[in-house]
Each structure stands twice: as C-alpha cells, then as structure tokens.
1. Which order results if 26, 183, 141, 269 are arranged by neighbouring Cβ count within 10 Å, fewest first?
2. Tell me the mean residue ellipticity at 222 nm calculated for the chain from its helices only (DSSP H runs of n ≥ 4, each -39500 (n - 2.57), averaged over every residue, nearest 500).
3. Cut-off is 10 Å between beta-carbons; in what order do 23, 35 appear when sorted fewest neighbours first?
4. For each of 54, 158, count neighbouring Cβ atoms within 10 Å of the residue's Cβ, then give the residues from fewest to most.
5. Given the Cα atoms of the stretch 1-139, and with Rh set as the inverse mean 1/r over their pairs in the Kirkwood sense, what is Rg to Rh to two decimals?
6. For a bin width of 10 Å, list the pair-distance distribution of the stretch 24-281 built from all Cα-Cα distances, rounded to whole %.
7. What translational diffusion coefficient, to the nearest whole µm²/s, does the stretch 1-62 have by Stokes-Einstein, given a Kirkwood radius computed over alpha-carbon pairs, a temperature of 10 °C and 1.306 mPa s viscosity?
8. With angles folded into 0 to 90 degrees, how steeply does helix 53-78 sit against the dominant principal axis of the chain? Use alpha carbons for both and round to 10.
C-alpha cells in the first residue's frame, strides 16, 4: 500500500515511513517552544523599553517563529503524519535563524560605531545594508523552497526535491554571507586591538561614559554568531540528503545542532541585550542626568 494517502499511524502507515521516521520527543520540543516564547516576550519588552525597534522586530520574529516551529513538532508527536504540523515546523525552523542573524548584524554595526568606525574596512551602515540584504535574499530562497515543498506534500516527490534544493541553496547562501561578515568583523577587531584603544578603551559615544562593558556584548555576539553558523552548516547536509535521509531522521542531532544552537544564540542576545550596552542602538532614549 502506498503511504501517499497516510494521515495517521497505522500498521499500513508506520511511523518509520514518515519523513522523520520517529515521534518527535515531547519533552524536548515543549522545552524549546516555551523557551523561545519566553525569549520572544523579553525581546519585545527590552525593545520597547530601549526603543531598539529594528533589533526588536528581527529578534522577536525569530523567537516566535522558533516557537511556532516547535509547536508544529509537538503536534507531530501526537500524529507524525500530520502534514499541516510538518509544514509549520519545517518552514518556521528553516526561516527563523535568518532573523536572528539580522539581529547579530545590527549589533555588530553598533559595536563598530562604539569602538571606532575608522578601524572597519566597511562603513558600519553598509554592514546592515549589505548583509541584511543578503539575509533577505537567503530568506526569499528558503521561503520559496519551503513553499514549494509544502505545496508538494508527500505526494509529488519530484516537486518535493525541487523545494529541498532551493532551501539548501538558501541556507548555503546564508552560510557564505555569515562567513564573509565574520571575516570582516575579525579584521575590525584585530585592527582595533593593534591600532586603536582595544576593547576596553571604547570611545565616549554618548557623553556619559560611552558603551560600558562593551566586551560583554561582543562576547555574547560572537557566541551567538558561531551558534547560528553551526546550525546553518548542520542544516546544509541535513537538507541536501533529501527528505527522510538518515541524518534528518536523527532527532538527537537536530535538537542539539539546531534547537540548542538557536537557544544559545537567543540567550546571548536576550540576557546580554545590546540595548543595555550600546547607547547608539537606542532610538529616543532619554539620557540620565
């Protein structure tokens, strides 16, 4: 019997025949859903307080898309053949890191403004224009691939493969974008250390002590950068192997290399919120007397 018509787990439609081949772990996926939901609420609160509107929008969208993705996986624990839940989680979990990466680029721009834009080979404004534009391009590719795959469902394997290939291209483009940004950021920090005041000698950007404890937000941003990058690198072979490939059917790897990596990134950018440390990122905040 063909599994194309399967809607629930039965002897004729075993869980092993689904794309993932397992019941998503209920506890682990509930944890991530709740965690990203809490981070999203904090991102909205901090963003409204500090008026860091652009960072707030990017990070909150990323957090709530992660929440929606894990809700889809929770629903799949009840019914692994639930196509609606599968489409929800694949689209949201593929796209969410793009928004979080945008938050990292925005933070980097203001770190450069605080430490000295003269040490950057690229003007700070161009970091957001170029890399967020590339992020949007990656987002469009991944969204298009997700849309094609969602439309194909499990019935049209040829169209499903096309959607998968488009998603892989989008993720690979995101990895390349992040790699270039990382190299430019590394070059900037080396130049600041060798030619400038170093990370403990930031300039006074607001007349009240400058970006205090800027090292903290730099370390948090670096950790967030690498965790998002690790997640994207993991996703390339995971998606490139085709739907239902052996790597895609290993949930432990997914929860660590996707879920945990994104949770660490969100933690870094929430606990060490850029608005705490970078006055230039705030819009309209009243200065303390």
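Read-outs: derived from the displayed coordinates by stated rules, not from any lab. A quick note: this is a predicted structure, and the numbers were derived from the prediction, not measured. So basically every Cβ, Gly included, is an ideal-geometry build from the backbone, and we count neighbours across all protein chains shown.
1. Going from sparsest to densest Cβ surroundings: 183, 26, 141, 269.
2. Helix-only estimate at 222 nm: -24000 deg cm²/dmol.
3. 23, 35
4. Details: 54 16, 158 7.
If I rank by nearby Cβ atoms, fewest first, I get 158, 54.
5. Radius of gyration relative to Kirkwood radius: 1.15.
6. All Cα pairs, binned at 10 Å, distribute as 7, 31, 33, 18, 8, 2, 0 percent.
7. 108
8. Approximately 20 degrees, to the nearest ten.
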